[in-house]
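The values are calculated or read from the model by the stated rules, or taken from the named source; none is laboratory data. This one's a predicted model, so the numbers in the text were calculated from it and none came from an experiment. Cβ atoms come from the backbone with ideal geometry, glycine included; neighbour counts cover every protein chain shown. With ligands, DNA and RNA removed, areas are computed over all heavy atoms of the protein, side chains included. Shrake-Rupley method; radii C 1.70, N 1.55, O 1.52, S 1.80 Å.
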Amino acid sequence: MRTASYERKTKETEISATVNLDGTGSYDVHTGIGFLDHMIEQLSRHSLIDITLRAKGDLHIDGHHTTEDCGIVIGTAIKKALGDMLGITRYASAYIPMDETLTRAAIDISGRPFIVWKVDFSRDKIGEMDTELFEEFFRAFAFAAGVTLHVENLYGVNNHHIIESSFKALARALRTALEVDPRKADAVPSTKGTLGGSL
């Protein structure tokens, strides 16, 4: 089983996560931000990655540090659980419709972190969460996990649908990219023989 735990403590947050990449999508998430909990639960359920997450942050200031650091901790735990990345499918993409909304995510588990974020909102908040923080979560996740991630909302009106479809698109792309291809289970999916570094 590809599992790992990671804990991060700063003056701003104290966060721990355990992930199982070969799980069933079970989750136990408590960040102190209700809508962020809901989104990480979607990430778990639709990627089939089991996620246990506990976060204590300086929410008396705002949700920025907690949101960003949750992305760092989950991403780092997933990177640790991947280990040598032997046999993974590596590339994947997913389109997720939610009523009037359609969002696409494409991922390369490359060891080279990068993000393209093309998601806009017409509201400043969803629930108690600032919408500008979603980009912070996705960026922190991509860089900590060492993945190249492109997320684009192709169209949509409802802000809740726009961000939820973004998390679900990431989840479904992750689910495929993390799968081990039995035809090459003993090989790193790169002609270089290693992932990371330059192209």
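To the nearest 500 deg cm²/dmol, what mean residue ellipticity at 222 nm is calculated for the chain from DSSP H runs of n ≥ 4 alone, each contributing -39,500 (n - 2.57), summed and divided by the residues?
-11500 deg cm²/dmol
State the extension gain, in nm to one decimal, for the chain segment bounded by Asn158 and Ser26, taking 0.36 nm per residue of separation less the distance between their alpha-carbons.
44.8 nm
Between Arg112 and Arg54, with labels modelled 7 Å along Cα→Cβ, what's the label distance in nm to one decimal, could you check?
Simple spin-label model gives 3.9 nm for this pair.
Want the number for Ser5 to Asp186: 0.36 nm per residue separation, take away the alpha-carbon distance, what's left?
62.7 nm
Listed here are the pairs Lys9/Lys80; Lys11/Lys79; Lys11/Lys80; Lys56/Lys118; which of them are more than 27 Å apart at the Cα?
In this structure, Lys56/Lys118 exceed 27 Å between Cα atoms.
Place the peptides 17-27, 166-176 in order of packing, highest mean first, counting for every residue the other Cβ atoms within 10 Å and averaging per peptide.
Final packing ranking: 166-176, 17-27.
Going by a ≥ b ≥ c, the root eigenvalues of the Cα gyration tensor, does segment 1-116 fall in the rounded group (a/c under 1.5), the prolate group (a/b larger than b/c) or the oblate group?
Since a/c reaches 1.5 but b/c is at least a/b, the shape of segment 1-116 is classed as oblate.
First check a/c for segment 51-166, with a ≥ b ≥ c the square roots of the eigenvalues of its C-alpha gyration tensor; if it is under 1.5, answer rounded, and if not, answer prolate when a/b is larger than b/c or oblate otherwise.
Oblate shape, in that a/c is at least 1.5 and b/c is the bigger or equal ratio.
Can you list the lysines whose alpha carbon sits under 19 Å from that of Lys184, skipping same-chain ones fewer than 8 residues off?
Once the sequence-local lysines are set aside, what remains near Lys184 is Lys192.
Using only Cα atoms and rounding to the nearest 10 degrees, what angle (0 to 90) does helix 132-145 make with the longest principal axis of the chain?
Around 20 degrees separate the two axes.
I'd like the orientation of helix 159-178 relative to the chain: the angle between its Cα long axis and the longest Cα principal axis, in ° from 0 to 90, rounded to 10.
Compared with the principal axis, the helix lies near 20 degrees.
Work out how much length Asp84 to Asp62 would gain on full extension: take 0.36 nm times their residue separation and subtract the Cα-Cα distance, in nm to one decimal. All intermediate terms of the calculation are to be shown ahead of the outcome.
Working: separation 22, 0.36 × 22 = 7.92 nm, distance 3.71 nm.
Full extension from Asp84 to Asp62 adds 4.2 nm.
What's the carbon and sulfur percent of the chain's accessible surface, probe 1.4 angstrom, rounded to a whole number?
That fraction is 50 percent.
Remind me, relative contact order of the chain in percent, using alpha carbon pairs under 8 angstrom and six or more residues apart?
For the chain, the relative contact order is 25 percent.
Enter the angle in degrees (range 0 to 90, nearest 10) between the Cα long axis of helix 34-47 and the first principal axis of the Cα atoms of the chain, meaning the one along which they spread out most.
20
What is the packing order of peptides 119-132, 34-47, 86-99, taking the mean over residues of other C-beta atoms within 10 Å and listing the highest first?
For the peptides 119-132, 34-47, 86-99, the packing ranking is 34-47, 86-99, 119-132.
Counting heavy atoms of the protein chains only and a 1.4 Å probe, report the per residue accessible area for the chain as a whole number of Å².
Accessible surface, normalised per residue, equals 47 Å².
Which entry in (1) 17.4; (2) 10.7; (3) 11.5 is this structure's computed mean projected area of the Cα convex hull in nm²?
Correct label, based on the coordinates given: (2).
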